[in-house]
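One structure is given here, and the rest of the page talks about it.
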Amino acid sequence: DVAADDEGKRTIEAGQLGTWELDLRTYRVTSSARMEPMHGVAPGTSGGTLAEAIANIHPEDREQILQDISRSADASRRTYRVLLPDGRLRWIEGVGQTVRDESGQPTQILGVCFDVTEMKEAEIALRETLECLEEEQELLRHTIEFQEQERQLVTFEIHDGLVQFATGALMQLEAIRA
């Protein structure tokens, strides 16, 4: 139905989603116009191979993506990093759905991707802030412990000094009386 197709395209566009399809027999990738720039590639320059599609994915994340593909699970979801040509990182959330033939063999994976960089950067900043607060809390705890020890020491010295003074005064009084 043409109306449903148009609505689907408008929804994908409104959600700023990139769509992709991987043929598991040929490992050819077909993707929407939004996918290449999302992965740091100039529009229309990708050759459509799996190797090109994952080339800019951070090396630490690339292996997980390949494992997801090789497992051909019915559905998968992964957040991964893309190394942009200018050296920045972009965070992408990818969701894939495996399509199987009549015999149950996986034939392709269909998916969508969306940029979650802002959310991920906010999450990282929050985590770093929490770590700083925990460090400051630990420092404050040590400071309070030190102050308490110092207070006890000062109290002891004052008490000890007063006791010595009072003892000395009593000894002098006793000496005067005698």
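The values are calculated or read from the model by the stated rules, or taken from the named source; none is laboratory data. Since the structure is predicted, the reported quantities are computational estimates derived from the model, not experimental observations. Cβ atoms come from the backbone with ideal geometry, glycine included; neighbour counts cover every protein chain shown. The accessibility values were calculated without ligands, DNA or RNA, using every heavy atom of the protein model including side chains. Shrake-Rupley method; radii C 1.70, N 1.55, O 1.52, S 1.80 Å.
Compute the separation of the alpha-carbon centres of the range 15-87 and the range 99-172 and state it in Å as a whole number. First find each Cα centre; the distance between them is then 39 Å.
Karplus-derived 3J(HN,Hα) values for the range 122-135, using 6.51 cos²θ - 1.76 cosθ + 1.60 with θ = phi - 60°, are 5, 4, 5, 4, 5, 4, 5, 5, 4, 4, 4, 5, 5, 5 Hz; glycine and proline are entered as x. Converting phi to 3J(HN,Hα) with the Karplus coefficients 6.51, -1.76 and 1.60 and the offset θ = phi - 60°, the range 164-178 yields 4, 4, 5, 5, x, 5, 5, 5, 5, 4, 5, 5, 5, 5, 7 Hz in sequence order, with x at every glycine or proline.
Helix 59-71 and the longest principal axis of the C-alpha atoms of the chain enclose an angle of approximately 50°.
For the chain, the solvent-accessible area with a 1.4 angstrom probe is 71 square angstrom per residue. Element breakdown for the chain at a 1.4 angstrom probe: carbon and sulfur atoms account for 57% of the accessible area. Computed on the chain, the Cα convex hull volume stands at 213 Å³ per residue.
The relative contact order of the chain, computed from alpha carbon pairs under 8 Å that lie at least 6 residues apart in sequence, is 17 percent.
Peptides 47-54, 164-171 ranked from most to least packed give 47-54, 164-171, packing being the mean of other C-beta atoms within 10 angstrom over each peptide's residues.
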